[in-house]
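Derivation of every value follows stated rules applied to the coordinates shown; laboratory data play no part. Since the structure is predicted, the reported quantities are computational estimates derived from the model, not experimental observations. Ideal geometry is used to build each Cβ from the backbone, glycine not excepted, and the neighbour counts take in all protein chains shown.
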Amino acid sequence: MLGSHNSIDAGPEEAHPLSTLSARERQALELASLGLTNLQIAGRLGITVHAVKFHLAAVYRKLQVRNRTEAVVVFLRTSPTQSSTSTSLAEV
């Protein structure tokens, strides 16, 4: 499909809120939903704490939320695979 960019005007069907997140942003959000700190998330993903903060800031912007708590609420309410994915990430 040509020009398949995420767009603000999603058309008649509203895009799933989490579909705008990159894989790494989603991983960081999933781990945050488990209650992990930025330092713990960084250790699990093998990235720096600064990178975690960068990814979570992008999550907040894309989900149009103000903070970590609001982002986790959106994740828990809208993620169809939240329970199985979080379980697998908890083992990482």
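General observations
- Remark: the stretch 19-90 is approximated by an ellipsoid whose semi-axes, taken from the C-alpha gyration tensor as √(5λ), come to 16, 15, 10 Å, largest first.
- Peptides ranked, highest mean first, by Cβ atoms within 10 Å: ranges 25-31, 38-44, 67-73: 25-31, 38-44, 67-73
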